[in-house]
1. Identify the trypsin sites (Lys or Arg not before Pro) of the stretch B:564-662 meeting these criteria: DSSP loop state and at most 10 other C-beta atoms within 10 Å of the C-beta.
2. May I ask you to list the residues of the stretch A:163-184 whose amide nitrogen lies under 16 Å from a point 7 Å from Cα along the Cα→beta-carbon direction of A:LEU118?
3. Once amide H atoms are placed 1.01 Å from N in the peptide plane, what residues at a sequence separation of 5 or more from B:SER62, or on another chain, have their amide H within under 5 Å of its amide H?
4. Would you kindly derive the ³J(HN,Hα) couplings of the stretch B:81-95 from the backbone phi angles with the Karplus curve 6.51 cos²θ - 1.76 cosθ + 1.60 (θ = phi - 60°), listing them in order in whole Hz, with x for Gly and Pro?
5. Hey, what number do you get for the protein assembly as shown at 222 nm if only DSSP H runs of n ≥ 4 count, each worth -39500 (n - 2.57), divided across all residues, to the nearest 500?
6. Please work out the Cα center distance from the stretch B:128-164 to the stretch B:415-491, rounded to the nearest Å.
7. Can you flag which of A:LYS78/B:LYS791; A:LYS120/B:LYS791; B:LYS508/B:LYS537; A:LYS78/B:LYS724; B:LYS522/B:LYS613 are past 20 Å Cα-Cα?
8. How far, in nm, would the chain grow between B:ILE372 and B:LEU788 when pulled straight, counting 0.36 nm per residue and subtracting the alpha carbon separation?
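Nothing in this text is a laboratory measurement; each read-out follows from the coordinates by a stated rule. Computed from a predicted model, the values in this text were never measured in an experiment. Glycine also receives a Cβ, built like all others from the backbone with ideal geometry; neighbour counts cover every protein chain displayed.
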Amino acid sequence: MSTTLIKLENIEKVFYTEEVETHALSNISLTINKGEYVSISGPSGCGKSTLLSLLGLLDTSTGGKYQLAEHDVSGISKTERARIRNKEIGFIFQSFNLISDLSVEENIDLPLSYRNDLSKEQRVKMVKDSLEKVNMSHRAKHFPSQLSGGQQQRVAVARAIVGNPSIILADEPTGNLDSENAAAVMQLLDVLHAEGATICMVTHDPRSAERADRNIDILDGQIISDQSNPAHKNFDAATA
Amino acid sequence: MIMQDFKYAIRLLAKKPGFTILTTLVMATGIGLSVYLFSFFNMLFADLPFKDGESIVIIAASENGATNFDRLSIHDYFEIRNNVKGLSQFGAYSEESVNVIGREGARKYNASYTEPGMFELTHTVPVLGRTFATKEDKVGAENVVIVGFDIWKNQYGGDSEILDQILQISGESYRIIGVMPEGYSFPRRAELWLPLRKDAKQLSRDNTEYIRGFARLDEGVSKQEINQQLSVIMQRIEQKYPKTNHRKSAYIGSMSMSSVGSGIAVVYSMQVVAILILVLASINVGNLLLSRAVERSKETAIRVALGAPRARLISQMLWESIIICTMGGIIGFLMVAWGLEITQGITAGFFPGKMPFWWVFSIDAFNIKLFIAFVISTIIVTGLLPAWKNSGENFNDALKDGTRGALSKKSGRLNKVLVISEILISLVVLICASVMVLSSYNRTHADIGAETQGIIVADVALSDARYDLASKKSEFINTLQSRLENSTGISDVMISSTLPGLFARTNKLEIEGKEYHDNKGKHEANAIVITPGTLGKLGVELQQGRYFNNSDNGDDKRSVIVTESFVSQHFPKQSALGKRLRFTENDQQNPSWLTIVGIVEHTRQGDNPTRSKLPSVFRPYAQDPRVQVTVAMKSALDKTSVTKILRDTLRSIDSQLPAFRIETYTQSVYRVSASVRFISSVLLIFGIAAVVLAGSGIYGVMSNTISQRTQEIGIKRALGADEKHIINELLIAGVKQLLWGGIPGTILGGALGFAMGTVMGVGINEIVILSLTTVIILGTIVILATYLPAKKALQLEPSEALHYE
């Protein structure tokens, strides 16, 4: 029996700029179960990144209801949102978003440093384990500027998983990488998924989308298709 | 090409008028204040306006290493003159006020008693007549005088037959032999010149007279070389005459320096402050231009991609600096011209008579050169920051959208350096300004121990020739006091050698029962003579004993009144009444013991804070008559009426006696600290400018830094950092910068403040408190400059912050 991790009901997002009202998302309803690997695709400006921001509590919806791990997170405070992001969500960005002044291990430790329930030793071990998972232990003391793009994204993956989040949200994780590095990062996500991680990835690269269990297509702020990937037997359609 | 860049820069500036006005005003403030202060001091220390004026030096005495342009013993002067190499055209002079009887009655003028040669030294010839002949400088020679242009015009109506006419000066007749040209007042404020007639051979070292020397520095000889020689010569004299020359030395300095004395530490500190203000303004404008360069980094990248050479890009960025700094400079320069005009009027009030003749505050070649130099410097400094920033920019990254993960290390370092510099400089400026303002406050708000309201004061100087005996002086003063008291409209008359709040003569004294081995161990006090009733009428409160009365009159009486400060210093926890003291400087042969009959509250004499606690000893005028006295008249009448009453009364007693320096007591006390007040006001303006520049500058840089870190903040929030975490992190970074800039800034500011405080009478404890207060003010600015932009950045949703450009 699959456990529901994310449940969106009639989510709307409207941007207001200089008297222009832009409906970025309209009437989005969606469920993601634990252990799923979901890709969200669509053309530029369709609203897929906005959806990922709402899923990651990086932004608030204009309307609708959002449940994460059976808790309504639609109207929670900024502090509570920060706590949930820190413990339950891991982010991987297209532009890596590493802090240039921090070393690799410091970047990975960053989300842990915002938690009060971990000792220094625990944090060190978690960072070390995370680095090993992405095979970057040898670069722990380096700074982002000393790494290639592929290495930087591996560090970003390590940072995303270091706190054992409930879900990993990836926004075009291969968008800034060459094909070889892109393949390596996707391979890494496959491994994480195989180990039980829930992944939701925004991509417009069909090859990346193919690796997900389930593909959601968005156009003009609305879901136009949500189907399982036949290549993946473990797909459990949430909409079924 | 250049015109194209210029037009583009104009277009950019016109597009953001707020930015253009702000940066121009900041630059105007920086350049204006700095040029003003340097110009002010340049004019204060200007070379004398004579041919080779820069080589004219003053020979002065120093004691215990303090160089205050003190007067030299005539004996030491002749020793120096005979032994020093590298100086020529020697002369000696002394300055005094004299009573002159002219067409308009008796008037007071500044006289310079001088050896022949002064006029040749300054390459100045009289407009009428001649200068002194050598034989006229001999004791017993005919009395001759050279008058200044003003006396010739005002007293003689420019009469071409003035030569050989007789002028009554302090009761003696002098034949006029020359008239000096308009504006000539050498050595400082002279209005007429008399032969010095001092012969060291006729005086003993114990009974010497004091003068200052002038000379010309030979070509190729430095002042340091001469001062080394003078030091050796004076050491030799000290060995030979240890009693009179203990720890005394001599040195040379420029005439203009002699008007400043120990205040030179203040002058140097203020010049440092002026430069720092300019640097502060440049950093601010540089930072604002830098933030514009950051905003336009994509545009710059496009230009590079299109093949723009680096030099062209830098030149384009420099155009904005050139326009802003030049416009700001011109506005600042206009402010300087206006400021100097005001200064001319204010500085005239520092002196009761004329001010030093080389003090002409106006725009000259120096100002213009300084203005150009400062504008060029600021263009380089303000243009350099954005140019430096862009020289290391990865243009390829800038062209790629959204690849910047966070503020680059280089930009971060630059911003930190800017904030630290602003904090450091602001602290130095603020500490110096606050020391001056506190000094001014202390001087102007200190209790002088007397009431000044409703009192008109005037000076009267008796001539030694007509009032040679003590009894004559006393008789004159008694008559003057009683006639004035009987005049309608004058309620009280107080006559004193000086009044509380004004400068007083000090004397060494001994206390009966104490042992003294040499003059150095003796006590010092203000020695003031007063007529009976004066202290009570001035409101100087009696604490024990009695005021003087008519029973104290007579040069055979020996009574004194001392201040409570004298008692606490010399008779702690015991009654001082009946105790005896004696002055030992003026009456060395047989000083009389004087009995304390009364104790009054402390009175402050002069405005020197380091000597404000010096006790005073009052004697009845009749026991120690002086030639110059201050007459204070309490009256409900206006100044003009009181002046008429005084002049009429004086004329009725002695037609040759003028009353001079007639003003209200309040004005008189005010003038004592007028120069400090003025400098404090200037530094207060600098302090306010520093606070505004530093506040806006630190806010600008911090806000810019945080704005550039918006993406980084977004990342951290995405990773779970809440607002508290982010704000704390930014505040800690701000506090670190505060410490980096604050510690050296406090040390440097404290050191400069201490140098100023030593002269201005601000103690080390006060400087520490001022420094800490300044640190707290700047700390608050830094915290606000961090907190407010951070709160603003946190208003963005993390998703917006992640894509912030």
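1. B:LYS573
2. Only A:163-168 fall inside the zone, counting backbone N under 16 Å.
3. Sorted by chain and number, the residues that satisfy this are B:SER249, B:ALA250, B:TYR251.
4. Once rounded to whole Hz, the list reads 4, 7, 10, 6, 10, x, 10, 9, 6, 5, x, 10, 8, 9, 10.
5. On the way: 31 runs with 484 residues, N = 1045.
Result for the protein assembly as shown, helices only: -15500 deg cm²/dmol.
6. Rounded to whole Å, the Cα centres lie 35 Å apart.
7. A:LYS120/B:LYS791; B:LYS508/B:LYS537
8. Once the chain is fully extended between B:ILE372 and B:LEU788, it gains 145.9 nm.
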